[in-house]
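Have a look at the structure below before the remarks.
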Amino acid sequence: MKPLVLTALVALLCALAAPAALADPSVTGYPSSIASTGDSITRAFNTCSFPFIDCPANSWSTGTSATVNSHYRRILAAHPSIYGHNYNDAKTGGKMVDLQTQVSTAASQGAAYVTVLMGANDVCTSSESTMTPVDTLRSQLRSALTTLTGGLPNTRVYIVSIPNVYHLWEILHTNFYAVLTWTFGSICQSLLANPTSTSSADTARRLRVRQRTIDDNSAIAGVCAQFIHCRYDGGAAFALQFTTSEVSTRDYFHPSVTGQAKAASVTWAAGFDFTDTVAPTTTASTAPDPAGGTDVTLSATDNVGVSGIEYRLGAATAWKRYTAPVTVPSGTTITFRAVDVNGNIEATQTLAA
């Protein structure tokens, strides 16, 4: 055999033997692990038989209590492989600034589903003047979600709105024991100070704190919308109307066991639908770029709705959100995938320019 022919044959065989780039598989259906982040509400504070301690078994998110029927238990009933993979990373007293540490812990646990209920302590402070500014809260959440989605690029993130503490005042401000507890316990004084006062100053202050909660929830929704793996509850937790029996009679502030059960039910209904197992599909079109390379335009469809498309160029490992046609340099590949509103992820597709 002539040397030139032999060289060509060897090159062909090597090319055939080289493994093709494998696509990352699609991710659909129920998650196999869950981590919760947040504050004392997610820690189910004051719901154990012993008072004034955390009681994570009763948590609306990751708890094991049959009475509460948390997100974890609802997933477990349909997807047994999640058993034992429930992590409560929330901290009593936590503020939005603390979320960064909590999501880092969730990332180290490899959680496939992360719930976030944070911000109540940014509104419920010692006075109106010490509430966290909206822009600060927004920035802190964005930083935390960047950390979380960077460490866990396939994870579903579910953000629950800040509950309406003003409603708590509405239903309990005529209760002698609640008023006594709020006053001497210095609970949420930004809103609950002078709870029986009808003065114009106190009335206006309470309404300002309520409006701050609304503004914070708007900021939270806006940040979540920037991350295609994130889903906001649409204000479901804020709209939740607790009754007096669903509030602890120890501090007249935290949800009771029945309150935790109600929170689990309401937030579950407003969250991801894990029964949806259909991944979205992306279509790519290409055109030569006048300056060189190839312009790639992406669009996606899904049975329930597309949250967004993300891509990466060449050997890059970090995903970027697709917002406009991408110019791919000659000799470079683009890898892309879509995510739907239920967190289902398309298997990756690759194009070479």
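Side notes on the structure shown:
- Matching residues in the range 299-325 - criterion: being touching an Asp or Glu at 6+ places or on another chain (Cβ under 7 Å) and touching a residue at least 12 places away in the same chain (Cβ under 8 Å): ASP302, VAL304, GLY305, VAL306, SER307, TRP319, ARG321, TYR322, PRO325
- When residues of the range 289-302 are limited to those that are surrounded by 13 or more Cβ atoms within 10 Å (Cβ to Cβ) and among the polar types (S, T, N, Q), the one farthest from ALA352 (Cα to Cα): SER299
- Residues in the range 331-346 that are within 22 Å of GLY271 (Cβ to Cβ) and exposed (fewer than 15 other Cβ atoms within 10 Å of the Cβ): there are none.
- Test result for THR275, within 20 Å of the chain's Cα centre (by Cα), outside any strand (DSSP E or B) and surrounded by fewer than 19 Cβ atoms within 10 Å (Cβ to Cβ): yes
- Check on ALA287, in a strand (DSSP E or B) and touching a residue at least 12 places away in the same chain (Cβ under 8 Å): no
- Selection status of GLY314, under 31 Å from the mean Cα position of the chain (by Cα) and within 30 Å of HIS79 (Cα to Cα): no
- Looking only at the range 141-184, and only at residues there that are among the aromatic types (Phe, Trp, Tyr), at pLDDT 95 or above and open to solvent by 20 Å² or more (accessible area, probe 1.4 Å), the one that is farthest from ASP89 (Cα to Cα): PHE176
- When the range 66-97 is filtered for residues that are out of contact with any helix residue (DSSP H, G or I) (no Cβ under 9 Å at 6 or more places or on another chain) and over 20 Å from CYS55 (Cα atoms), the ones remaining, listed by number, are ALA77, ALA78, HIS79, PRO80, SER81.
- Residues (part of a helix (DSSP H, G or I), under 23 Å from THR136 (Cβ atoms) and either open to solvent by 30 Å² or more (accessible area, probe 1.4 Å) or touching a residue at least 60 places away in the same chain (Cβ under 8 Å) (or both)) located in the range 65-106: VAL97, ASP98, LEU99, GLN100, THR101, GLN102, VAL103, SER104, THR105, ALA106
- Condition broken by THR282, with the remaining ones in (1) of a type in the set (S, T, N, Q); (2) part of a strand (DSSP E or B); (3) open to solvent by 20 Å² or more (accessible area, probe 1.4 Å) satisfied: (3)
- Subset of the range 317-330 that is over 19 Å from ASN154 (Cβ atoms) and assigned to a loop (DSSP other than H, G, I, E, B) - its residue that is most open to solvent (accessible area, probe 1.4 Å): THR323
- Neighbours by Cβ (under 7 Å, 6+ apart or cross-chain): first from the range 189-217, over 25 Å from ALA236 (Cα atoms); second of a type in the set (Gly, Ala, Ser) and open to solvent by less than 30 Å² (accessible area, probe 1.4 Å): none
- Residue in the range 36-65 that is farthest from VAL116 (Cα to Cα), counting only those that are out of contact with any helix residue (DSSP H, G or I) (no Cβ under 7 Å at 6 or more places or on another chain) and hydrophobic (A, V, I, L, M, F, W, C): PHE50
- Test: residue in the range 207-220 that is of a type in the set (S, T, N, Q) and over 32 Å from the mean Cα position of the chain (by Cα): no
- Flag if GLY314 is open to solvent by less than 30 Å² (accessible area, probe 1.4 Å) and not charged (D, E, K, R): no
- Residues (open to solvent by less than 60 Å² (accessible area, probe 1.4 Å) and at positive phi) located in the range 202-243: GLY235
- Among the residues of the range 291-316, those that are part of a loop (DSSP other than H, G, I, E, B) and in contact with a strand residue (DSSP E or B) (Cβ under 7 Å, 6 or more places away or on another chain) comprise GLY293, ASP302, VAL304, GLY305, GLY314.
- Failed criterion for THR267 (all others in (1) open to solvent by 20 Å² or more (accessible area, probe 1.4 Å); (2) among the β-branched types (Val, Ile, Thr); (3) out of contact with any Gly (no Cβ under 9 Å at 6 or more places or on another chain) hold): (1)
The values are calculated or read from the model by the stated rules, or taken from the named source; none is laboratory data. Computed from a predicted structure; not experimentally measured. We place every Cβ from the backbone using ideal geometry, glycine too, and count neighbours over all the protein chains shown. Side chains included, ligands, DNA and RNA excluded: accessible areas come from the protein's heavy atoms. Shrake-Rupley method; radii C 1.70, N 1.55, O 1.52, S 1.80 Å.
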